[in-house]
Amino acid sequence: MRQRVMHHGARRRRERRRRAVWTGGELLVTVGVVLLLLVVHQLWWTNREAKEGARHGVEALEREWGRGGGADSGTAADSGAPSASSSTASTASTASPGSRAERDLRAAASDPAALTSDRSQAYAILTVPRLHLRVPVAEGVGKRSVLNKGYVGHYPGTEQPGRAGNFALAGHRNTHGEPFRYINRLAPGDTVRVETRSAVYTYAVDRTLRQTSARDSGVIRPVPRSTVHPTYGYTAPGYYLTLTTCTPEYTSRYRLVVWGTLVSMRPR
């Protein structure tokens with residue numbers, strides 16, 4: 001009976017194949033671990049960090065405005081949309097003539113963001129009772145400077161709160177604090193409050209556009225109306241609030257839009 005002879009060359013080739021398979025397996029495991037860590041960082045750590053930063057931002061504004069929690073502030077006795085001039089008069093009446101407070105109130109009536117030395121810093125607080133959301137509002141919609149901090153960003157060129165036109169905001173739906181993750185749950189009649197140094201403005205949600213193009217600029221115009229879905233939006237000037245975020249979740253392909261109208265305001 002003849003025995004099979006194993007040549008050293010064949011052994012070496014087989015050993016090289018084993019090492020290649022082992023090395024490839026180690027690389028795959030390493031890549032998997034790295035990807036898992038990236039997912040954990042994006043979905044958990046950025047949320048934790050941004051939510052903590054947003055909470056501190058709200059607290060800092062409350063301290064600056066000289067009040068405590070105030071989570072329930074914003075219930076107004078006045079109804080109907082105030083004009084820009086009446087807003088200025090109402091807020092200015094709380095301060096003595098020529099005082100720093102009066103100057104601040106007059107500046108806030110035209111542009112609340114002007115009260116901050118850095119326009120990427122928060123200058124207002126957005127409160128959505130239905131979502132248990134209370135988050136700072138900063139000027140601009142840059143990711144690094146505003147949105148990734150867990151803040152809500154004000155679209156440059158749109159109006160400020162309480163003024164005729166459209167006060168339009170953007171926020172992350174996923175990661176980095178995801179303040180707008182559940183705005184799809186808002187229903188007609190739900191309230192949204194915007195607090196500034198000078199006043200508290202209450203808007204009532206009245207319509208939602210579930211999905212539109214990311215380039216649908218009509219939704220943030222002074223009279224907001226979708227250019228992609230023209231049946232969604234408004235036809236007459238008013239006092240509007242627009243909330244925008246990405247949809248579907250974990251993508252940025254489309255935009256979800258929630259609109260509201262100003263129903264009351266009260267000076268601080």
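The values are calculated or read from the model by the stated rules, or taken from the named source; none is laboratory data. The shown structure was predicted, so the numbers you read here are calculated from the model rather than taken from an experiment. We place every Cβ from the backbone using ideal geometry, glycine too, and count neighbours over all the protein chains shown.
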Could you check how many residues of the range 129-172 are under 23 Å from THR261 (Cβ atoms), among the charged types (D, E, K, R) and assigned to a loop (DSSP other than H, G, I, E, B)?
2
What are the residues in the range 229-239 that are aromatic (Phe, Trp, Tyr) and assigned to a loop (DSSP other than H, G, I, E, B), if any?
TYR232, TYR234
State yes or no: is VAL223 surrounded by fewer than 22 Cβ atoms within 10 Å (Cβ to Cβ), in contact with an Asp or Glu (Cβ under 6 Å, 6 or more places away or on another chain) and within 22 Å of GLY171 (Cα to Cα)?
no
GLY189: in contact (Cβ under 8 Å) with a residue 12 or more places away in the chain, within 15 Å of the chain's Cα centre (by Cα) and on the phi > 0 side of the Ramachandran plot, yes or no?
no
In the range 134-142, is there at least one residue being in contact with a Leu (Cβ under 7 Å, 6 or more places away or on another chain), surrounded by fewer than 23 Cβ atoms within 10 Å (Cβ to Cβ), within 21 Å of GLU49 (Cβ to Cβ) and in contact (Cβ under 8 Å) with a residue 24 or more places away in the chain?
yes
How many of the residues making up the range 165-177 are out of contact with any Phe, Trp or Tyr (no Cβ under 6 Å at 6 or more places or on another chain) and either among the small types (Gly, Ala, Ser) or modelled with pLDDT of 95 or more (or both)?
6
When ARG185 is evaluated against the numbered criteria (1) closer than 23 Å to ASN47 by Cα; (2) modelled with pLDDT of 95 or more; (3) crowded, with 23+ Cβ neighbours inside 10 Å, which criterion, by number, is the only one it fails?
(3)
Number of positions in the range 1-24 that are assigned to a loop (DSSP other than H, G, I, E, B) and either modelled with pLDDT of 70 or more or surrounded by 10 or more Cβ atoms within 10 Å (Cβ to Cβ) (or both)
0
Tally the residues that are over 20 Å from PRO136 (Cβ atoms) and either of a type in the set (Phe, Trp, Tyr) or outside any strand (DSSP E or B) (or both), restricting the search to the range 240-268.
9
